[in-house]
Amino acid sequence: MVSTRCRARSADVILEVEPCPVHQEQTMSAQPEHGWGAMPLPEIRTVDDLRSALSRYGFPGDRERFEEELAAAIGAAPTNDFAGAAAVVRAYRHRILIRNSPEIMTALEDARGEGGRA
């Protein structure tokens, strides 16, 4: 059977397969190989913008923790005061800014390398 992706030629004894181009998606690791580089700062105007930014630019687990903390803050808030929810949104927006700062990320890595002593 001949694949529709790769053409095979039938020979008397050997079946030769022509090389097939392989598409491999590039993936981003949590930590770049050559230090922290500046990522383009996402525009964050709405809670949905923040959710997208956390999924793409946040620390691992940020999006899930944000959703949990936001739900808890809204659930505990009086109906006319969402200051707690606003504080959660500000805190996670700040985490995106921290994650995007090569200087801060380098300082965090240096502190981690020193056993947490800054």
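For the criterion of being exposed (fewer than 14 other Cβ atoms within 10 Å of the Cβ), β-branched (Val, Ile, Thr), within 19 Å of the chain's Cα centre (by Cα) and at pLDDT 50 or above, THR46 passes.
Okay, residues lined up against (1) closer than 20 Å to LEU41 by Cα; (2) modelled with pLDDT of 95 or more; (3) surrounded by fewer than 17 Cβ atoms within 10 Å (Cβ to Cβ):
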position: ALA53; (1), (2), (3): yes, no, no
position: GLY58; (1), (2), (3): yes, no, no
position: GLU69; (1), (2), (3): no, yes, no
position: ALA72; (1), (2), (3): no, yes, yes
position: VAL88; (1), (2), (3): yes, yes, no
position: ILE98; (1), (2), (3): yes, no, yes
position: GLU103; (1), (2), (3): yes, no, yes
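Return a yes/no flag: does the range 99-109 have any residue that is out of contact with any Leu (no Cβ under 8 Å at 6 or more places or on another chain) and within 16 Å of SER55 (Cα to Cα). Write out each step before concluding.
Initial filter on the range 99-109 (out of contact with any Leu (no Cβ under 8 Å at 6 or more places or on another chain)): 99, 101-109.
Next cut, within 16 Å of SER55 (Cα to Cα) only: 99.
Checked against the condition, which is being out of contact with any Leu (no Cβ under 8 Å at 6 or more places or on another chain) and within 16 Å of SER55 (Cα to Cα), the range 99-109 yields at least one hit.
ASN80 fulfils the conditions (1) exposed (fewer than 15 other Cβ atoms within 10 Å of the Cβ); (2) modelled with pLDDT of 95 or more except for a single criterion, (2).
The values are calculated or read from the model by the stated rules, or taken from the named source; none is laboratory data. Note that this is a predicted model, so its numbers are computed, not measured. Cβ atoms come from the backbone with ideal geometry, glycine included; neighbour counts cover every protein chain shown.
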